Amino acid sequence: MAYDEDLAHQIREHLEGEENVTERAMFGGLAFLLGGNMTVSASRRGGMMVRVGPDAAADALGRPHTEQIIMRGRPMIGWIYVEAEGVRTSRQVGAWVRRAAKFTRTLPAKA
């Protein structure tokens with residue numbers, strides 16, 4: 001299953017004005033990077049992968065329609081998956097994008 005093009009468009013719109021935004025096909029979805037750091041991704045599962053950082057992960061996982069991302073049997077600390085039900089509106093998408101961008105801006109840019 002390909003990623004949700006409408007969701008990717010909404011993410012793109014919410015990242016307008018951010019510096020050094022790039023897009024890259026990753027994990028079967030479309031990832032959005034800030035300064036070379038992956039921030040969010042329109043997932044092939046229909047929702048979003050969101051980078052919230054280790055300190056904010058527990059709070060984010062307490063929100064509706066979220067789960068810990070597990071890759072190759074190991075949790076990706078600081079990353080959550082938001083199911084499609086949790087990103088149905090532009091407002092919901094924007095809230096997650098802002099959260100992810102806020103954390104990602106604290107990371108050093110990659111070359």
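Where a number appears in this text, it was derived from the coordinates with a stated rule and is not lab data. Predicted model, so just to flag it, every value in this text is computed and none were measured. Glycine gets a Cβ as well: all are built from the backbone with ideal geometry, and neighbour counts include every protein chain shown.
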> How far apart, in nm, are two points set 7 Å out from the Cα along the Cα-to-Cβ line at Ala2 and at Glu19?
Replying inline: 3.4
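Ranked from highest to lowest mean number of other Cβ atoms within 10 Å per residue, what is the order of the peptides 44-50, 2-8?
Working: 44-50: 22.1, 2-8: 16.4.
Output ranking for 44-50, 2-8: 44-50, 2-8.
Around Thr106, under 13 Å between beta carbons, what's the net of Lys plus Arg minus Asp minus Glu among the other residues?
Working: positive: Arg51, Arg99, Lys102, Arg105; negative: Asp55.
Computed value for this residue: +3.
What is the calculated FRET efficiency for Ala111 to Arg12, with r their C-beta to C-beta distance and R₀ = 22 Å, to the nearest 0.05? Don't skip to the end; give the middle numbers.
Numbers: r = 24 Å, r/R0 = 1.07.
About 0.40, to the nearest 0.05.
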> Out of (i) 13.6, 42; (ii) 12.6, 36; (iii) 13.0, 44, which label holds the value of Rg and Dmax of the Cα atoms in Å that was computed here?
Replying inline: (ii)
> What does the charge add up to near Gly46, with Lys and Arg as +1, Asp and Glu as -1, over the other residues with Cβ less than 10 Å from its Cβ?
Replying inline: -1
